Amino acid sequence: MYPAEIVQPMKEELTENGFSELLNGAEVEAQLKKDGTTLVMINSVCGCSAGTARPGVLMAVHNATHKPDFLATSFAGFDTDAVQTLRQHLLPYPPSSPAIALFKNGSLVHYIERHQIEGRSAQMIANNLLSAFEQYCN
């Protein structure tokens, strides 16, 4: 598990912009039972991927005409129970962090894995999410 002092600034990048933390499995299950759309960012310390994923997610949320009803985040390697529960809802995709998932009424409708984040700019990630928001967040 990562030390809190390393993780906290990366968590705050999202929580200070309206994301709720999902800290355990029960919180994940409760969130995914809600009607509507939920965007979940599985946060990570990985500088190469998470360093563009977080800004890309924020760019998409701030610029979207159609936004998810709920914004949530869990941190891989720190919020272990929550991430493990989330990953059950992401099957058949293998574990990936960072990763970005869009759920509608509890069902996964759009997913961006780490390999789709690596080497991409924040703008490219935002554009991917904006297309998903247009399709699923009405």
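Tabulated data for the structure shown
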item	result
Close pairs from region 78-97: first polar (S, T, N, Q), partner in a loop (DSSP other than H, G, I, E, B), Cβ under 6 Å, at least 6 apart	96/113; 97/44; 97/76
Residue ID - nearest to residue 11 (Cα to Cα), chosen from residues in region 77-123 that are out of contact with any strand residue (DSSP E or B) (no Cβ under 7 Å at 6 or more places or on another chain) and among the hydrophobic types (A, V, I, L, M, F, W, C)	78
Search result, residues across region 62-97 that are among the polar types (S, T, N, Q), surrounded by fewer than 17 Cβ atoms within 10 Å (Cβ to Cβ) and under 19 Å from residue 7 (Cα atoms)	80, 84
Test result for residue 40, open to solvent by less than 10 Å² (accessible area, probe 1.4 Å), assigned to a helix (DSSP H, G or I) and either among the β-branched types (Val, Ile, Thr) or free of Cβ contacts under 8 Å to residues at least 24 places away in the same chain (or both)	no
Which listed residue, of 67, 34, is under 16 Å from residue 125 (Cα atoms), basic (Lys, Arg), part of a loop (DSSP other than H, G, I, E, B) and modelled with pLDDT of 95 or more	67
Pair list, Cβ < 6 Å and 6+ apart or interchain, from region 98-124 residues that are farther than 14 Å from residue 41 by Cα and open to solvent by 50 Å² or more (accessible area, probe 1.4 Å) to residues that are of a type outside the set (Lys, Arg) and not in a helix (DSSP H, G or I)	104/37; 105/35
Sole residue being modelled with pLDDT under 95 and within 26 Å of residue 131 (Cβ to Cβ), chosen from 10, 41, 1, 59	10
Subset of region 1-12 (residues that are in a helix (DSSP H, G or I) and open to solvent by 60 Å² or more (accessible area, probe 1.4 Å))	5, 6, 8, 9, 12
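The values are calculated or read from the model by the stated rules, or taken from the named source; none is laboratory data. Worth saying up front: this structure is predicted, and the values here are computed from it rather than measured. All Cβ positions, even for glycine, are placed from backbone atoms using ideal geometry, and neighbour counts span all protein chains on display. Surface areas here come from the heavy atoms of the whole protein model, side chains and all, with no ligands, DNA or RNA. Shrake-Rupley method; radii C 1.70, N 1.55, O 1.52, S 1.80 Å.
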